[in-house]
1. Rank 66, 193 by accessible area, highest first, at a 1.4 Å probe radius?
2. Given the stretch 1-77 reduced to its alpha-carbon atoms as identical point scatterers, what log10 I(q)/I(0) does the Debye formula return at q = 0.18 Å⁻¹?
3. Quote the relative contact order of the stretch 66-224 in percent (integer), defining contacts as alpha-carbon pairs under 8 Å separated by 6+ residues.
4. Can you check what the net charge comes to around residue 152, using other residues whose Cβ is under 9 Å from the Cβ of residue 152 (Lys, Arg +1; Asp, Glu -1)?
5. Antiparallel DSSP bridges in the chain: what percent, to the nearest 5?
6. For the chain, list log₁₀ I(q)/I(0) at each q in 0.11, 0.16 Å⁻¹, using the Debye formula over Cα point scatterers of equal strength and ignoring solvent, two decimals each.
7. With a 10 Å radius around each residue's Cβ, average the other Cβ atoms per peptide and rank 140-152, 94-106, highest first.
8. Express the relative contact order of the stretch 1-46 as a whole percentage, based on alpha carbon pairs under 8 Å and six or more residues apart in sequence.
Amino acid sequence: YSVVVINSRYARRLQAALLSLAHQEGIDFEQLEIVIGYIPGIDTTDDLIDSLQRAHPHLRIVRAPFSPDNTRSKGFMINECARVASGDWIVLLDADILLPPDFFRQVESVQADAHFIAPDGRKMLTPETTARILLGDIRPWECHEELAQSAGDYRFREANRVPIGFCQCVRREVMEKVPYHELDHFEGSDWIFGNTVLHAFGPEKRLEGTVVLHLDHGGSQWYGSNAHL
């Protein structure tokens, strides 16, 4: 598995996302890598990676630095990261998403004939819960189910049931045939990717009952996904 995470000014949330990966259960970490696409110098991502590698040496992290000219080119960054990824499966994960501790064990239980796997939905955590996670007061891998039932909006198979960008798990050959579109509005780009994959490879497999946690970010959004020139 190659987990591809694109990060821009979300280093604190990225830390929580990486810790949710470091505490996965029932997986051989030799089979997992994390490819982080980022712009060096605009936040503390490099320092964070240094700390994670020292504290969790079992976690293989691949740095994929980009030029500041690519700050708004998330689709381009995803495609480039996918090219250097070595896994048979590529998991496209937002930097503010926390996976349940048995995520990869669940993926393995359904992957035999699957090309596209997605969770059932995401729980939008409140600002208060997010703050406690970011400050280390809550260790979400220890209480994921409790957090999934906590206050906040639950979005079940949203976007007309097309698996969208916060957590998309596809076979390598899928991304080789269906690259991410580079549009001015990234949310449109990830829906187009999901919809195109469904038409090209058939219906996705859902991890029924699996909920990922979405950290609050005060309404701030990605800068977009301008076409790479």
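1. On the way: 66 30, 193 0 Å².
Largest accessible area first, the residues go 66, 193.
2. With one equal scatterer per Cα and no solvent, log10 I(q)/I(0) is -0.70.
3. It comes to 42 percent, rounded to a whole number.
4. Values: positive: 123; negative: 153, 216.
Cβ neighbours under 9 Å give a net charge of -1.
5. Working: 13 of 35 bridges.
DSSP beta bridges in the chain are roughly 35 percent antiparallel.
6. Values, matching the q order: -0.50, -1.17.
7. Numbers: 140-152: 15.8, 94-106: 21.9.
Peptide ranking by packing, descending: 94-106, 140-152.
8. Numbers: 39 pairs, mean separation 29.6, N = 46.
This gives 64 percent for the stretch 1-46.
The values are calculated or read from the model by the stated rules, or taken from the named source; none is laboratory data. Since the structure is predicted, the reported quantities are computational estimates derived from the model, not experimental observations. Positions of Cβ are generated from backbone atoms using ideal geometry, with glycine treated the same way; all protein chains shown enter the neighbour counts. For accessibility, only protein heavy atoms count, side chains too; no ligands or nucleic acids. Shrake-Rupley method; radii C 1.70, N 1.55, O 1.52, S 1.80 Å.
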